[in-house]
Amino acid sequence: MAQILNEPSIVQTKKPRQQEQHGQSEADCAASIRTVTTADHYSNITHLQTQVSNTHDAPIQPYTSFVEVPDEVYDRLSDSRKLVIVALLSFCSFLAPISSTTILSAVPEVAATYKSTGTVINLSNALYMLFMGVSPAVWGPLSQVYGRRWICIITATLFLLCSLGTALSPNLASYFIFRILTAFEGTSFLTIGASCIGDIYRPTERATAMGWFLSGTLIGPAFGPFIGGIIVTFKSWRVIFYLQTALAAVATTGAYFLLPETTHHKKSDELIGLPIRAKARVLWSMLNPWRVLRLYRYPNLIMVALASSSLVWNMYSLLTPIRYILNPRFHLTTPIQSGLFYLAPGCGYILGTFFGGRYADHVTKTWKAKRGGVRVPEDRLRSCLPFMGIVIPTCMLIYGWSIEKHFGGVVLPVIMMFCQGVAQLFCFPSVNTYCLDVMQAHGAEVIAGNYIIRYLFAALGSATVLPAVEKIGVGWFSTVSAAFLVASSLATGSAVIWGRKWRDGVDAKRRAKRGVVRMEMGSKDEKRKEHAVVDGKKGKEDGNV
């Protein structure tokens with residue numbers, strides 16, 4: 001009970017006999033990553049505590065946020081099975097982001113349907129981003145408690161229903177509501193997908209898989225407007241959401257049949273046997289969204305969140321205003337023509353998928369070898385610094401000012417968008433994988449916190465880009481985005497240099513705090529014992545009298 005109340009980080013392996021006791025069939029056991037045929041081979045690491053219990057009956061254990069998981073944990077699925085899982089997760093991750101941008105090419109048509117304006121419809125996209133930022137605080141802890149598989153299946157089903165509701169929306173209010181609900185469900189794919197990759201791949205292999213997974217999250221926003229442009233040119237904008245509903249049906253079916261449970265330990269197992277009131281209290285401590293934000297006591301996580309935020313801000317501030325900026329600039333008249341511009345960053349994302357994650361893993365292995373086999377999570381961040389601090393800001397400046405000052409024709413901004421797409425795939429795998437590496441036992445919650453910050457900035461970018469461009473021009477707005485990227489790269493560089501020191505400092509404070517609590521509780525126990533002895537003596541004396 002003491003361990004449960006303190007939310008210990010446990011790497012747990014269950015034997016087939018234990019699973020049969022819970023009523024699982026042999027087929028279910030074979031399909032679950034939590035079934036370990038090599039359990040006897042490393043039974044000595046069945047329970048790996050990483051927190052200090054603050055109760056008097058538990059042994060004192062050192063607290064550390066960074067714990068290496070034994071290699072055997074990652075050998076429980078074949079390489080081909082892992083590839084199927086990554087492909088499925090990448091497809092699922094494609095859905096929520098593509099929904100955020102597919103409608104961009106159809107904003108004037110949606111506004112006309114509901115007798116509104118483009119600014120109001122773009123506000124719905126900003127709210128979409130906002131709720132994409134809020135929901136990871138729910139899905140991250142839920143996937144830690146109940147596992148990845150069923151949370152993914154449930155949210156995929158709800159995403160399907162909300163997409164259909166958006167397509168059928170009779171008025172602007174219902175359109176806004178279903179868009180918000182779709183965003184809330186869709187972000188679970190991003191949080192759970194990244195967590196699954198952390199569950200099944202070693203840290204030195206993880207960024208390559210993460211690159212393929214993230215290709216869905218980035219290609220979706222880039223190709224979405226092109227797809228939307230084609231649809232809205234020939235059909236109603238509602239067809240966009242009918243297509244989204246069909247894709248969600250494919251994701252739901254795939255998740256049900258192809259996604260095993262990947263988590264090493266479901267926290268819900270710790271609730272077995274507890275009284276109802278105690279179970280409710282412990283469950284709330286596990287699911288409390290505040291636990292996600294509480295991780296930001298670690299400065300290194302703040303720096304990496306800023307890096308992610310600058311990249312997403314840049315992406316959405318680049319993609320959102322294309323129809324309103326490039327159509328007038330190059331005298332384009334149809335949605336499909338402006339949609340072609342979105343293909344440039346999309347092709348860049350595809351090309352970057354093949355190299356970005358591999359480069360991040362290469363840098364990790366190189367620095368691990370330099371350190372004599374010791375892996376420091378912050379070393380991975382070195383791979384993204386030149387792209388975040390130099391390449392993307394330079395491309396953004398050239399893109400913005402070429403449009404503002406009318407030089408370079410169509411070719412120059414297209415090349416800059418393509419280069420940005422490639423460079424972002426050298427940044428995102430590094431940043432996302434770091435979130436899994438640095439706190440393995442809380443990977444889903446760290447990823448959730450990172451998505452919260454980044455999509456809040458995406459919402460801010462989507463909401464402000466059009467008014468800002470109208471007020472200060474696309475050149476100066478691009479300059480602001482470039483400055484944000486440079487500042488974020490400096491913050492990430494500081495995490496590379498001092499991140500390990502920051503982590504150790506926070507861990508030391510947490511150890512000290514838990515030690516004080518333990519001493520106080522021990523003191524209270526001693527006082528209770530003393531009172532009991534005194535009362536016993538007094539009672540004995542009274543009896544003798």
Residue separation between residue 330 and residue 355 times 0.36 nm, minus their alpha-carbon distance, gives in nm 5.7 nm
Under-5 Å amide H pairs with residue 259, H placed in peptide plane, nonlocal only: none
In whole percent, the fraction of accessible protein surface over the stretch 159-287 that belongs to carbon or sulfur atoms, probe radius 1.4 Å, stands at 74 percent
Under the Karplus curve 6.51 cos²θ - 1.76 cosθ + 1.60, θ = phi - 60°, whole-Hz ³J(HN,Hα) for the stretch 258-269, x wherever Gly or Pro sits: 10, 9, x, 6, 9, 4, 6, 7, 8, 5, 4, 4
Net charge near residue 404: determine it from the other residues with C-beta under 14 Å of the C-beta of residue 404, scoring Lys and Arg +1 and Asp and Glu -1. +2
Of 300, 352, 327, which is farthest on the positive side of the dipole of the stretch 277-375, counting Cα position, with +1 on Lys and Arg Cβ, -1 on Asp and Glu Cβ, and the Cα centre as origin? 300
Accessible-area composition of the stretch 348-438, carbon plus sulfur, in percent [1.4 Å probe]: 72 percent
In this structure, among 82/368; 279/501; 266/370, pairs with alpha-carbon gaps over 31 Å are 279/501; 266/370
Please report the spacing between the Cα centers of the stretch 198-236 and the stretch 400-456 in Å, no decimals. 12 Å
Provide the packing ranking of 175-188, 114-127, i.e. peptides ordered by the mean count of other C-beta atoms within 10 Å per residue, highest first. 175-188, 114-127
Which of 367, 212, 284 is most accessible, then next, and so on - probe 1.4 Å: 284, 212, 367
Given +1 on the Cβ of Lys and Arg, -1 on the Cβ of Asp and Glu, and no further charges, what dipole in debye does the stretch 249-398 carry about its Cα centre, rounded to the nearest 20? 520 debye
With every protein chain left in place and a probe of 1.4 Å, what is the accessible surface of residue 315, to the nearest 10 Å²? 10 Å²
Neighbours of residue 500 by Cβ distance under 10 Å: Lys/Arg at +1, Asp/Glu at -1, summed charge -1
Radius 12 Å from Cβ of residue 359, net charge of other residues (Lys, Arg +1; Asp, Glu -1): +3
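The values are calculated or read from the model by the stated rules, or taken from the named source; none is laboratory data. These numbers were taken from a predicted model, which means no experiment stands behind them. Using ideal geometry, Cβ is built from the backbone for each residue, glycine included, and neighbour counts are taken over all protein chains shown. Keep in mind that these areas ignore ligands, DNA and RNA; they rest on the heavy atoms of the full protein, side chains included. Shrake-Rupley method; radii C 1.70, N 1.55, O 1.52, S 1.80 Å.
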